[in-house]
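The values are calculated or read from the model by the stated rules, or taken from the named source; none is laboratory data. Everything numeric here is computed off the predicted structure, so don't read it as measured data. Note that each Cβ is placed from the backbone with ideal geometry, even for glycine, and that neighbours are counted across all protein chains shown.
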């Protein structure tokens, strides 16, 4: 693998510093990560106007992807889970198919990566924690259920001012608070919330897999780029 280089491209929301840091940290030797920021009005990371920003990012995704395509990535990822909640299953599938046909490379979403990851872990009963509003979180819950998962409990992170200002400690407490004994895995949504530093601790304390949109997206991106998705230190999915 040494000397072989894969490029992973991410379409990310404006103003989100967490994605760039976490993807760069998780990328194994020989893999470079590249980012193109999507178009969205208002204050990035704010709960107010989130649905409007989601729709703007989707509407302008071609121009964002065109810029990312200039670095010739081996795979392109839509790095915004809530955009999939806005799209819904059918529209997300159509978008991915259209982008794949346009750029002739594998294209996937953060949410689609979560679905693949949960299936790989054999988890059917899950809990969902998110730093979103209850409305957006319920959209995510419904989409997970449409893909065949039983969301046995969901919860929102309280007192969120801006998702991009959240901390790993708060992400950890969210994972602990939302879990129930009957769940087979914990899923933390929200790529703006730092999650990868706490996934192994959550797994150790809860005795079950814990994934986030970030860990699932990197795992799936590596697979699609033809790179082994083994990156120790970020939970059993990547181990």
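Residues in segment 65-91 that are in a loop (DSSP other than H, G, I, E, B) and over 19 Å from the mean Cα position of the chain (by Cα): 70, 71, 72.
So that you can scan it fast, the table gives a plain yes or no per residue for (1) in the same structural domain as residue 193 (by TED's automatic domain parsing); (2) within 16 Å of the chain's Cα centre (by Cα); (3) assigned to a helix (DSSP H, G or I):
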residue	(1), (2), (3)
20	no, yes, yes
24	no, yes, yes
29	no, no, no
32	no, no, no
44	no, no, no
63	no, no, yes
94	no, no, yes
98	no, no, yes
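Against the test of being under 29 Å from residue 160 (Cβ atoms), touching a residue at least 24 places away in the same chain (Cβ under 8 Å), outside the structural domain of residue 198 (by TED's automatic domain parsing) and more than 14 Å from the chain's Cα centre (by Cα), the options 56, 36 yield a single qualifying residue, 36. Look at segment 132-159: where a residue is without any contact (Cβ under 8 Å) to a residue 60 or more places away in the chain and a partner is assigned to a loop (DSSP other than H, G, I, E, B) and surrounded by fewer than 17 Cβ atoms within 10 Å (Cβ to Cβ), sitting 6+ places away or on another chain with Cβ atoms under 8 Å, you get 148/124; 149/124; 150/124; 152/180; 152/182; 153/180; 156/133.
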